[in-house]
Each structure stands twice: as C-alpha cells, then as structure tokens.
Amino acid sequence: MSTMRSAVFDGEGRIRVARTSRPEPGHGEVRVRLHGCGVCASNLPVWAGRPWFQYPFEPGAPGHEGWGEIDAVGEGIDDWHSGDVVALLSTRAYAEYDIARADALAKLPVTFASRDLPGEPLACAMNIWRRSDIRAGQTVAVVGVGFIGALLVQLATRAGARVIALSRRPFARGVARSCGAVEVLETGDVHAAIGAVNELSPGGCARVIEAAGEQATLDIASGISAEGGRLVIAGYHQDGPRQVDMQQWNWRGLDVINAHERDPAVAARGLREAMDAVEHGRIDPFALITHRFALDRIGDAFQTLSSRPDGFLKAAVLA
Ligand SMILES: [Zn+2]
C-alpha cells in the first residue's frame with residue numbers, strides 16, 4: 001500500500017506528522033501531489049483545542065488551502081491530466097496528497113506554476129470582492145489587514161477606489177500601504193478611529209469591509225459606513241454573539257452583507273476568478289505569504305500564527 005506523510009491534529013496544541021495511506025481518487029475526482037497548503041486562522045481553534053471537537057482529526061484535516069500537481073485522475077475525468085498544476089478546494093490538505101472533485105480545481109497561471117499559491121483564501125477574497133460591489137471613485141474602508149484584507153485593498157485600489165485601511169499592527173499598516181491604500185490608520189481606539197476616518201471622508205465611506213472578526217472592528221466599520229452604504233462582514237466572528245448599533249444601521253439604511261460563501265459552486269467560481277486575477281495582476285498574493293514551514297514543522301507554523309510576531313501576515317506549510 002502506498003503511504004504519505006500527513007499532519008494529524010491530536011488536540012490542545014498537539015500535531016504529529018504520521019505515515020498514513022495515500023488516498024485514491026474516486027469517480028469525478030483527482031489526486032493532487034500537494035506542493036503546499038496555506039495555514040488558515042480559522043483552524044486556530046482546532047489547533048488550540050475545543051471540547052466540541054473530536055480528536056484526533058482525520059489525517060490532513062482541516063487543511064483546505066492546498067495547491068500542487070495532479071498525479072492521478074479518477075474515472076469520468078476528461079478535462080484534467082496528470083501534471084496539471086492546480087489550486088484545489090479540499091479538506092485534508094495538510095499532507096503530501098489530497099483528493100479534490102474535478103469541479104473544485106483551477107489551473108495556476110502558467111507563469112506562476114512554480115510559486116506558492118494557496119487558492120482557497122484567494123477564492124474567498126474574490127467572493128467577498130464580488131459582493132462588495134465596489135466601483136471606481138468610491139471611498140472604501142478596509143478594517144483589519146490580514147491576508148484577505150490585504151487582497152481586498154489590492155482589488156479595490158486596482159478598480160479605481162480610494163482605499164482607507166485600518167489595522168492594529170504597524171506591520172500590517174505598512175502592508176496595506178504597499179497594497180495601495182492611500183490612507184492608513186490605527187484601530188486601537190474605536191472612537192478615535194471613527195473620528196479619523198470621518199475626517200478623511202466626511203459622511204463616511206460608501207463601502208466598508210470588516211475583515212478582522214472582532215467586536216471593536218465591527219463597531220468601527222459600523223461607525224464609518226455612509227448613509228445608503230454597504231457594510232461587508234468578511235471577518236470570522238467565532239467567539240460568541242456580537243452587539244451592533246441597530247439604530248445607526250437603521251438610520252443610515254445600510255446594506256449589510258455577510259460575505260462568506262457556503263455554496264461549493266460559488267467557492268469554485270471564486271477560485272477560477274482568483275487565478276484570473278493573479279494572472280492579470282489584479283491581486284499579488286506572493287509578497288503577502290510571509291512565513292513558510294516544512295510540513296514536519298506544522299506545529300511551529302500554528303505557534304507562529306497564534307502569536308503573530310512582527311512581520312507575520314500569512315504562513316504556508318510546504319509538502
Ligand atoms: Zn482558509
């Protein structure tokens with residue numbers, strides 16, 4: 001039986017790299033020899049340990065930001081071939097191999113086929129982008145500059161919007177500027193942040209993307225949304241209920257969008273759009289991947305993600 005190396009999450013900060021069986025592609029599926037997988041902040045609770053999770057996790061789970069080269073195709077596949085370099089939407093990508101459905105793949109642009117290119121967070125950014133309905137000339141605020149926030153700053157800038165970016169971390173503010181933000185502000189004090197944005201953009205911003213997933217960033221985002229504007233929630237709010245100033249939302253007649261997609265077909269569309277955006281320079285994710293770890297050091301990758309040292313934006317594990 002062929003084997004592979006996979007990361008196995010055992011709970012409470014414990015990950016081991018084990019020999020597990022190499023999966024075989026079923027009907028309508030391909031197997032990808034992974035080159036790497038992005039390390040996603042949404043996996044932090046799995047790493048840290050929560051009582052509602054069942055450990056150990058399946059080998060490779062919850063890695064979902066893989067890319068690599070197709071090395072086997074299942075029955076019923078005409079469009080994909082061994083050797084195609086792809087980004088994939090899958091669920092066990094902290095490993096050397098993973099399986100994906102043929103409709104959950106997109107080819108890497110030829111010129112970037114040897115680069116580190118996690119597809120899923122880019123797909124996520126494209127889907128948030130589509131629902132943000134940003135047009136040239138608008139003032140757009142991005143509250144929270146992680147990997148996704150930085151991609152959205154790039155997209156909005158390239159589309160001709162005037163971008164104000166807000167972040168707690170000085171390093172992230174520098175990233176936002178390099179991605180094209182014309183104004184860069186601190187989020188530290190909610191009222192100060194709201195005041196500063198409203199000074200730069202009297203009446204607020206036509207589009208506001210909240211991309212940090214905290215009560216404070218939600219408060220800032222609400223406070224700087226213009227009348228008739230669109231407030232896009234792109235952050236993951238995972239640690240309990242939030243409060244919002246409903247009176248303010250009512251009064252301003254905001255369109256509030258929760259921009260995470262659950263429909264696999266929409267996610268796959270985002271993946272194809274992401275590869276197109278990379279190819280045509282509307283997004284440049286490469287400089288945003290600040291840390292790389294060998295698969296065997298995935299524990300260090302999560303340690304780094306959870307402590308976010310200066311200079312950290314996004315990590316990938318390389319298989
Ligand atoms: Zn992710």
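The values are calculated or read from the model by the stated rules, or taken from the named source; none is laboratory data. Predicted model only: the values in this text are computed from it and were never measured. So basically every Cβ, Gly included, is an ideal-geometry build from the backbone, and we count neighbours across all protein chains shown. Heads up: the accessible areas ignore ligands, DNA and RNA and are worked out on the full protein's heavy atoms, side chains in. Shrake-Rupley method; radii C 1.70, N 1.55, O 1.52, S 1.80 Å.
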Seminar exercise, completed: Taking the dipole of region 19-71 about the Cα centre (Lys, Arg +1; Asp, Glu -1; charges at Cβ), the one of 59, 37, 23 that reaches farthest to the positive side is 59
For this session: May I ask you to evaluate 6.51 cos²θ - 1.76 cosθ + 1.60, the Karplus curve with θ = phi - 60°, for each residue of region 32-38 and list the ³J(HN,Hα) values in order in whole Hz, giving x for glycine and proline?
Result: 10, 7, 5, 8, x, 8, x
Exercise. Projected area of region 122-258, taken from the Cα convex hull and averaged over every viewing direction, in nm²?
Worked result: 7.2 nm²
Exercise. Residue by residue, what Karplus-based ³J(HN,Hα) values in Hz, rounded to whole numbers, does region 80-87 have, using 6.51, -1.76 and 1.60 with θ = phi - 60° and x for Gly and Pro?
Worked result: 10, 9, 3, x, 5, 9, 9, 9
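Counting only heavy atoms of protein chains, what accessible area per residue, in Å², does region 51-130 have with a probe of 1.4 Å?
Numbers: 3430 Å² over 80 residues.
Ligands and nucleic acids excluded, the figure is 43 Å² per residue.
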Problem set entry | Calculated [θ] (222 nm, deg cm²/dmol) that DSSP helices of n ≥ 4 give over the chain, each run adding -39,500 (n - 2.57) | -8500 deg cm²/dmol
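Got the relative contact order for the chain handy, in percent, Cα pairs under 8 Å and 6 or more residues apart?
18 percent
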Seminar exercise, completed: Non-local residues with an amide H under 5 Å from the amide H of residue 316, with H modelled 1.01 Å from N and Pro and chain starts lacking one, are 39, 291, 292, 293
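Compute and list, largest first, the equivalent-ellipsoid semi-axes of region 154-193 from the alpha carbon gyration tensor, each √(5λ) rounded to a whole angstrom.
Working: eigenvalues 74, 26, 6 Å².
Gyration-tensor ellipsoid for region 154-193: 19, 11, 6 Å.
Rounded to the nearest 5, what % of the DSSP beta bridges within the chain are antiparallel ones? Numbers along the way, then the final one.
Numbers: 31 of 57 bridges.
Among the beta bridges of the chain, antiparallel pairing accounts for roughly 55 percent.
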Exercise. What is the ratio of the Cα radius of gyration of the chain to 2.2 N^0.38 Å, where N is its residue count, to two decimals?
Worked result: 1.01
